[in-house]
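A quick write-up on the structure given underneath.
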Amino acid sequence: MPDHQWRITKYDPALRSDSGRFTGNTWTSVWDIGKSFDGKLTVEEYLRVESAYAKSAASFAVESSAFQVTIADFEVSTSNQAELTALGLPEIPWQPPEEGSIIPVNRIQDLVRIALREIAWFKIQTHSFFIHFGHDFYMYIGSDTACDSSRDLARLHGLFVEDFRSPYS
C-alpha cells in the first residue's frame, strides 16, 4: 500500500461536521447540472471542476512515475453518454477497458471523467500508486511519492487535499 494517501475533493474541510460529513449546500453529481444550490450548476462550471479533478489526477500519476496503470474492479454503470450529451456535455471517446487492462498515463484524464460522470466505476492502480473514486466527487489517491507539486496543482485548481486513507483499499 502506498506510503502517502489523500482525499481530494471540491469540498472545503472547514464545512465538515465533527463526524467528517460535509455540511455545505452544493452539487454532488453530474446529474445536478441545471439544478440550483448556491447558484445554478451550469455545464461550464461542471466542466471546470471535472477538469480540475482530471488534471490533478494525471499530475499525481506522472509525479508518481505511474506511466502505465492497471484497471481493477471495473463496473459499467446504467448512465450512458447519450444522456450526458443531452445535458450539454461533450462526449468522451472511450472503449470500456477489460478488468486488468494496462492503460497509458495519457488516458487517465478521460478515465477520471468517465468515473465522475458515473459511466463506470473502477480503480486505477500500480504497485505504488492508485486512484479510487467514491460517491459524490470523492477521489482518493495514494502514492509512494509525496507528490508536493501535484498537491499544489490540485489546490491551485480549487480542490482540497487532505491526508486520508482510501476506504476502497
Anything in region 117-132 that is within 22 Å of residue 28 (Cα to Cα) and in contact with a strand residue (DSSP E or B) (Cβ under 6 Å, 6 or more places away or on another chain)? List them, or say none.
120, 121, 122, 123, 124, 131, 132
Can you find even one residue in region 39-55 that is within 21 Å of residue 152 (Cα to Cα) and more than 17 Å from the chain's Cα centre (by Cα)?
no
Restricting region 133-169 to residues that are among the hydroxyl-bearing types (Ser, Thr, Tyr) and part of a helix (DSSP H, G or I), the residue that is surrounded by the most Cβ atoms within 10 Å (Cβ to Cβ)
150
So if I check each of 91, 83, 98, which one is touching a strand residue (DSSP E or B) at 6+ places or on another chain (Cβ under 8 Å), farther than 14 Å from residue 56 by Cβ and among the charged types (D, E, K, R)?
98
Of these, 12, 32, 38, 73, which one is surrounded by fewer than 19 Cβ atoms within 10 Å (Cβ to Cβ) and touching a Leu at 6+ places or on another chain (Cβ under 7 Å)?
32
Criterion (of a type in the set (Gly, Ala, Ser) and out of contact with any helix residue (DSSP H, G or I) (no Cβ under 9 Å at 6 or more places or on another chain)) met by exactly one of 36, 64
36
Restricting to region 111-132, give me the number of residues that are closer than 14 Å to residue 61 by Cα and buried (at least 16 other Cβ atoms within 10 Å of the Cβ).
10
Would you be able to tell me the number of residues in region 58-70 that are part of a strand (DSSP E or B) and surrounded by 13 or more Cβ atoms within 10 Å (Cβ to Cβ)?
2
Going through region 41-57 in order, the residues found to be open to solvent by less than 50 Å² (accessible area, probe 1.4 Å) and part of a loop (DSSP other than H, G, I, E, B) are 41
Being surrounded by 11 or more Cβ atoms within 10 Å (Cβ to Cβ), under 18 Å from the mean Cα position of the chain (by Cα) and part of a loop (DSSP other than H, G, I, E, B) is the filter here, so list the residues in region 81-102 that pass it.
89, 90, 92, 94, 96, 97
Looking only at region 15-27, which residues are surrounded by fewer than 16 Cβ atoms within 10 Å (Cβ to Cβ) and either under 24 Å from residue 80 (Cα atoms) or of a type in the set (A, V, I, L, M, F, W, C) (or both)?
15
Near pairs, Cβ below 6 angstrom, 6+ apart or cross-chain, from region 111-130 (closer than 13 Å to residue 94 by Cα) to any residue that is outside any loop (DSSP other than H, G, I, E, B) and open to solvent by 20 Å² or more (accessible area, probe 1.4 Å):
120/76
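The values are calculated or read from the model by the stated rules, or taken from the named source; none is laboratory data. Just so it is clear, the model here is predicted, and its values are computed rather than measured. With ideal geometry, Cβ positions are generated from the backbone for all residues, glycine too; neighbour counts draw on all protein chains shown. The protein model used for the area step is the full one, side chains on, heavy atoms only, and it has no ligands, DNA or RNA in it. Shrake-Rupley method; radii C 1.70, N 1.55, O 1.52, S 1.80 Å.
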